[in-house]
1. So which residues in region 35-44 are part of a helix (DSSP H, G or I), modelled with pLDDT of 90 or more and within 23 Å of residue 85 (Cβ to Cβ)?
2. Can you pull out the residues in region 11-34 that are closer than 20 Å to residue 56 by Cα and either among the small types (Gly, Ala, Ser) or not in a helix (DSSP H, G or I) (or both)?
3. In the set 65, 59, 53, which member is within 23 Å of residue 16 (Cβ to Cβ) and of a type in the set (Val, Ile, Thr)?
4. With respect to the numbered conditions (1) at pLDDT below 90; (2) touching a helix residue (DSSP H, G or I) at 6+ places or on another chain (Cβ under 9 Å); (3) aromatic (Phe, Trp, Tyr), which one is the sole condition not fulfilled by residue 19?
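The values are calculated or read from the model by the stated rules, or taken from the named source; none is laboratory data. Quantities reported herein were computed from a predicted structural model and do not represent experimental measurements. Backbone-built Cβ (ideal geometry, glycine too); neighbour counts: all protein chains shown.
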Amino acid sequence: MTRAPKFAGVPARVWHGDWLLVDWVATAKLGDPFPDPWCHAHAPLQAMIARLTELGVMTSPAPGTDVATIAREASAAAKLWLEHHPPPEPAPQSVPRRMSWGPPEPPNG
């Protein structure tokens with residue numbers, strides 16, 4: 001599948017983190033550790049497959065499918081998806097991630 005992710009039926013933007021996940025799945029080798037933040041999930045493989053399914057990279061595997069088959073199918077689907085989805089351009093951050101309270105901190109100098 002090579003469709004773009006959708007939000008309420010409208011094509012949604014592919015986030016850089018999602019693109020990195022698909023890239024990791026396409027290039028991962030046997031024994032590679034799961035990437036951040038997926039390695040911290042209760043069930044990393046299940047979480048990654050769910051996200052790949054949401055992005056339209058692959059279809060959800062049938063219940064009872066062995067892990068090796070899922071990995072092969074995910075890797076092949078990720079490689080195909082990457083052919084049609086170049087890395088997204090980084091966008092400037094519009095909202096600061098750190099909230100500050102009180103007067104501004106003096107500059108270090």
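1. Once the filter is applied, which keeps residues that are part of a helix (DSSP H, G or I), modelled with pLDDT of 90 or more and within 23 Å of residue 85 (Cβ to Cβ), region 35-44 yields only 44.
2. We begin by selecting, within region 11-34, every residue closer than 20 Å to residue 56 by Cα; these are 11-28.
11, 12, 13, 14, 15, 17, 26, 28 - these are the residues of region 11-34 that are closer than 20 Å to residue 56 by Cα and either among the small types (Gly, Ala, Ser) or not in a helix (DSSP H, G or I) (or both).
3. On the way: 65 fails: within 23 Å of residue 16 (Cβ to Cβ); 59 fails: within 23 Å of residue 16 (Cβ to Cβ).
Going through 65, 59, 53 in turn, the sole match is 53.
4. (1)
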